[in-house]
Each structure stands twice: as structure tokens, then as C-alpha cells.
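Working notes, structure below.
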Amino acid sequence: MEIDRADGRTANQLRPLSWSRNTLHRAHGSASWSQGDTKVLAAVYGPKAGTKKNENPEKPCFEVIWKPKSGQIGKLEKEYEMILKRTVQSICILTVNQNTTTSIIIQVVHDDGAVSFDDYVFQYSVFISLLPCAINAACAALVDAGIPMKHLAVAICCCLAESGYVILDPTKLEEQVTLISSQYLFADLSEITGIIWLE
Amino acid sequence: METKASVSPATFLDKIVVPGDVVLDLSSLTNQTIKLGGGLRQDCDSISVMKAGKLKFSKPNKYWVESSHKRYVPSVEDNVLGIVVDSKADNFLVDIKGPAIAFLPVLAFEGGTRRNIPKFEVGSLLYVRVVKANPGMNPELSCTDASGKAAEFGLLKDGYMFETSTGLSRMLLSSPTCPVLEALGKQLSFEIAVGLNGRVWVCFLMPFLELIGYWVVLFSSCSVTCSMVNAASPSTVVVVSNAIMNSEYLSGVQQQIMVEKLLQRIK
């Protein structure tokens with residue numbers, strides 16, 4: 001059944017995708033990823049000797065720093081950092097480069113505005129498509145830096161449209177009217193990791 | 001759940017591979033020894049790719065992934081350029097752009113004894129050879145070749161050092177001589193040391209080394225000296241460095257044209 005999306009896409013069609021690698025001169029690996037109007041820049045530094053205090057020295061340590069387009073760093077950014085760190089730890093090989101730290105810095109260049117909810121339900125504005133874009137950018141930057149990885153990771157966001165159909169890669173307007181949206185990460189074909197946002 | 005397609009090695013040879021690609025299925029090969037180089041790992045019964053790059057094969061049984069990055073993976077018998085970071089009682093701590101800092105024993109010099117330990121300042125550039133590179137341990141270096149002679153290893157004074165990717169270093173050290181170095185050597189005189197860890201050092205030669213005609217001398221330690229009739233000046237260092245940095249993604253002919261245009265403009 002055909003459903004009408006505001007920008008004329010079908011239910012399964014993604015927004016125009018573009019990415020480039022080695023964009024930063026000083027970073028050991030870098031990539032910029034844009035899906036439609038959402039654009040994220042990822043930089044990887046490392047592996048460098050030494051791990052942080054509470055980290056296991058028998059494994060390489062990954063630290064993620066999320067820099068929003070504007071504003072202070074708050075709980076949302078910390079949550080993104082945590083999700084990204086766990087993603088990176090699951091796709092990178094943890095038996096090489098022991099006792100080293102690899103830093104991944106995510107800079108949000110453009111996030112297609114923000115979706116705001118009622119103040120008494122949510123304290124912050126969040127745009128759901130940003131995290132999958134950042135995961136894709138981080139994976140591309142890790143490949144550019146030559147960090148040994150088990151497999152690549154791909155992330156996508158999908159939501160439930162008003163008509164009851166599942167649509168992929170929603171824009172800001174489609175997200176505002178949706179009841180539920182979720183983001184999926186595909187790394188190893190035998191397991192799928194998903195995060196579901198309910199509103 | 002997933003059907004395993006039979007993977008023959010020929011499907012991926014000399015093609016770009018990404019992490020996660022399975023390039024060899026070991027269950028189909030019986031009683032063979034396969035040597036895996038950088039970028040490949042064994043996952044139960046399959047060989048899969050760890051780093052993105054081009055899959056290469058060398059007879060009879062060596063597979064590896066060739067890629068170019070800004071960081072270096074230490075391996076034995078590589079000649080690299082290191083920067084002294086600190087000095088301890090037994091070792092100098094040298095940074096070679098790898099995941100761990102490398103140790104250079106104070107006695108690893110030709111005729112080195114406890115009485116004539118060299119003094120290196122923090123920040124000095126050394127041309128060294130990797131002696132040990134075990135996973136999980138700091139690499140060990142030496143300023144002598146395998147027979148104990150100095151052989152051009154040691155401190156590099158003056159000159160200019162710049163950082164490139166490991167792929168460009170390999171191209172500069174390839175034989176026959178890389179087109180950009182050959183084109184530059186025909187017209188300029190300079191001294192160059194290329195480290196496999198992505199560091200290149202260029203220095204100008206004093207004019208008293210004038211010679212007629214051009215000759216390229218490749219030492220066993222892979223340090224290249226090119227010399228010509230024209231006198232040298234510090235500007236040659238700048239020209240040579242810029243030419244090398246621009247030549248990474250150019251073909252042989254393009255490199256020659258680029259060097260010609262560059263030298264025409266400065267004459």
C-alpha cells in the first residue's frame with residue numbers, strides 16, 4: 001500500500017545520504033556523514049598509550065566525546081556518549097592494542113532543528129535521527145583510522161506513521177506527529193541491537 | 001540462519017575489502033598452511049578482514065591487507081624515524097607513532113659501552129630499526145643494523161621532518177625508485193630519510209658535494225641521497241617536502257609532470 005510522505009519518499013526510502021573520509025588533517029581518522037539535513041562529523045585519535053583510571057588495562061579503552069551543535073553538555077549528551085561507547089566496544093576487536101586509549105569525538109554540525117515536547121513530560125528537546133547518523137559517522141571514522149574491527153555497524157531510525165505504517169528515516173515533521181520511533185543498529189548479522197523511544 | 005557461500009580467495013584478491021568481509025573459508029582448504037599478514041584475522045573456520053584496504057596475495061601462501069593510515073603498527077626489521085620523549089637509566093623512550101612508546105637501549109649503538117652513552121635531548125629525531133615488536137609489549141629499537149654496525153642509523157641533525165601516511169612512506173621506499181624522488185633528484189640536491197612509520201626527514205646538502213651528472217645511491221638502510229650540479233639552499237627542502245606531500249595520490253606520470261611544473265615555477 002502506498003502511503004504519502006511529505007517529501008515524496010516511499011515508506012522504505014532513505015533521505016539522500018552522503019559521507020566523506022579523511023576530512024580533518026590532524027585527526028588520525030575522520031569522517032563526515034549526512035542524511036538529508038542531519039550532518040555529523042566524527043574524529044578518531046589513537047590508539048595512544050595508557051588507559052584511564054577505572055578502565056581494564058587488558059582491553060583497549062574507547063572514550064567518546066559528544067559535542068552538540070550549541071548549548072551546554074547535559075544528560076542527553078552523556079547518554080549518547082554511553083550508547084556510542086557500547087556500540088564501539090561491540091564492533092571493535094578487544095584483544096589487540098591492550099592498555100591503549102582511542103578517543104572518538106562526535107561533533108554535530110547540523111541537526112535539522114529540534115523536536116520539543118511538553119515541558120512536564122520531557123526536560124529536553126531531542127531529534128531522533130541524530131544518533132544513527134552519529135553511529136554511522138563514528139564507524140566510518142574508525143575504519144579510516146585503521147582501528148581493527150570485527151565488522152561494520154549500520155544504524156537506522158524508523159517510526160510509526162499516523163496511518164499505522166512503519167516508515168524509515170523520518171524527517172523532523174514526521175517525527176513530531178509520530179507515536180513511537182526506534183533506532184536499530186546492525187553490526188553482526190546474527191544479532192540486532194535496538195533502542196526504542198516512546199512518547 | 002545465514003547460508004555460507006563458498007568463498008574462494010580469488011574473488012577478493014586485489015580488491016578493496018572492509019572489516020567483516022570473509023575472504024577465505026578454511027573448511028574448504030585441507031592440509032595447507034596459510035600465512036596471514038596485517039589486517040586479517042582468523043575467526044574459527046574463516047579468515048575475515050580487520051582493516052579496510054586492498055587484499056594482496058604473494059605465492060605460495062601469504063595473504064595481507066594493504067592500507068594506508070596515519071598511525072603505525074610496529075613490526076620487526078622496519079626502519080622508522082622516532083622522536084625522543086624521555087631518557088631513563090637503561091633506555092631512551094622514543095615515540096614512533098605506534099600504540100605504545102618504544103624503548104631504545106642506551107647500549108644499542110655501534111661501540112656502545114656504559115662510558116660513552118650518547119646524550120639525546122628531548123625532541124631529537126632518530127633513524128632507528130625496530131628489533132622487537134610483540135603485541136602487548138613496548139617495541140624495542142636499535143641504532144645498529146643486524147651485524148652491529150652503525151649503518152646510517154642515529155641522530156638526524158638539522159633538516160625538516162614532516163608526517164605523512166604509511167602508504168606514502170612505502171611508495172617512497174619502493175624499488176625501482178619512486179617517480180617523484182627520481183624527478184626531484186635530477187634537478188635538486190638534498191638528503192632524505194624515510195621512516196616506514198609515516199615520517200620523512202629532508203635536509204639540504206652543502207654545495208661542496210657537487211658532482212657532474214646525477215647519481216642515486218640506495219643504502220642498505222633505505223636512506224636515499226640524490227645529488228646534482230646545482231648548489232643547494234634551504235628552499236630546496238621546502239620544494240622537496242611540498243612535492244612529496246602532493247604526490248600521494250598521483251600516478252607515476254602525474255608525479256613527473258607535477259615536479260616539472262613546480263621546478264619551472266621556482267626557476
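The values are calculated or read from the model by the stated rules, or taken from the named source; none is laboratory data. Predicted model, so just to flag it, every value in this text is computed and none were measured. Heads up, the Cβs are rebuilt from the backbone with ideal geometry, glycines too, and the neighbour counts pull from every protein chain shown.
Can you confirm whether A:Ala27 is among the aliphatic types (A, V, I, L, M), surrounded by 15 or more Cβ atoms within 10 Å (Cβ to Cβ) and in a strand (DSSP E or B)? Against the criterion (among the aliphatic types (A, V, I, L, M), surrounded by 15 or more Cβ atoms within 10 Å (Cβ to Cβ) and in a strand (DSSP E or B)), A:Ala27 does not qualify. Does B:Phe190 meet the test of being touching a strand residue (DSSP E or B) at 6+ places or on another chain (Cβ under 9 Å), in contact (Cβ under 8 Å) with a residue 40 or more places away in the chain, crowded, with 18+ Cβ neighbours inside 10 Å and more than 24 Å from B:Gly112 (Cα to Cα)? Yes; evaluated as a whole, the condition is true for this residue.
How many residues are farther than 18 Å from A:Ala140 by Cβ and part of a strand (DSSP E or B) if we restrict to region B:55-81? The number of residues fulfilling the criteria is 11. Considering region A:134-172, the residues that are within 13 Å of chain B (Cβ to nearest Cβ) and part of a loop (DSSP other than H, G, I, E, B) include one that is farthest from A:Ser32 (Cα to Cα), namely A:Lys150. Across region B:135-167, the number of residues qualifying as under 25 Å from B:Ser189 (Cα atoms) and either within 13 Å of chain A (Cβ to nearest Cβ) or surrounded by fewer than 16 Cβ atoms within 10 Å (Cβ to Cβ) (or both) comes to 11.
Exactly one residue out of A:Thr23, A:Thr38, A:Thr10 is under 13 Å from the mean Cα position of the chain (by Cα) and either away from chain B (no Cβ under 14 Å) or at pLDDT 90 or above (or both), and it is A:Thr38. When restricted to residues that are more than 18 Å from the chain's Cα centre (by Cα) and either closer than 21 Å to A:Ala153 by Cβ or in contact (Cβ under 8 Å) with a residue 60 or more places away in the chain (or both), region B:48-77 contains 5. For region A:54-66, the count of residues that are among the β-branched types (Val, Ile, Thr), crowded, with 19+ Cβ neighbours inside 10 Å and within 19 Å of B:Lys70 (Cα to Cα) is zero.
For region B:38-51, state whether one or more residues are among the basic types (Lys, Arg) and over 30 Å from B:Lys157 (Cβ atoms). Yes, there is a match, as at least one residue in region B:38-51 is among the basic types (Lys, Arg) and over 30 Å from B:Lys157 (Cβ atoms). For A:Arg26, the requirement of being of a type in the set (Lys, Arg) and within 22 Å of A:Ser129 (Cα to Cα) is not met.
Inspection of region A:111-118 identifies no residue that is among the acidic types (Asp, Glu) and modelled with pLDDT of 90 or more. Return a yes/no flag: does region A:41-59 have any residue that is more than 12 Å from chain B (Cβ to nearest Cβ), touching an Asp or Glu at 6+ places or on another chain (Cβ under 6 Å) and outside any strand (DSSP E or B). No, because not a single residue in region A:41-59 is more than 12 Å from chain B (Cβ to nearest Cβ), touching an Asp or Glu at 6+ places or on another chain (Cβ under 6 Å) and outside any strand (DSSP E or B).
How do the pairs read when you match residues in region A:56-69 that are in contact (Cβ under 8 Å) with a residue 60 or more places away in the chain with residues anywhere that are aromatic (Phe, Trp, Tyr) and buried (at least 18 other Cβ atoms within 10 Å of the Cβ), using Cβ under 9 Å and keeping only pairs 6 or more apart or on different chains? Pairs found: A:Val64/A:Tyr80; A:Trp66/A:Tyr80.
Being modelled with pLDDT under 95, closer than 13 Å to B:Asn197 by Cα, of a type outside the set (A, V, I, L, M, F, W, C) and loosely packed, with under 14 Cβ neighbours inside 10 Å holds for only one residue in B:Glu77, B:Glu121, and it is B:Glu77.
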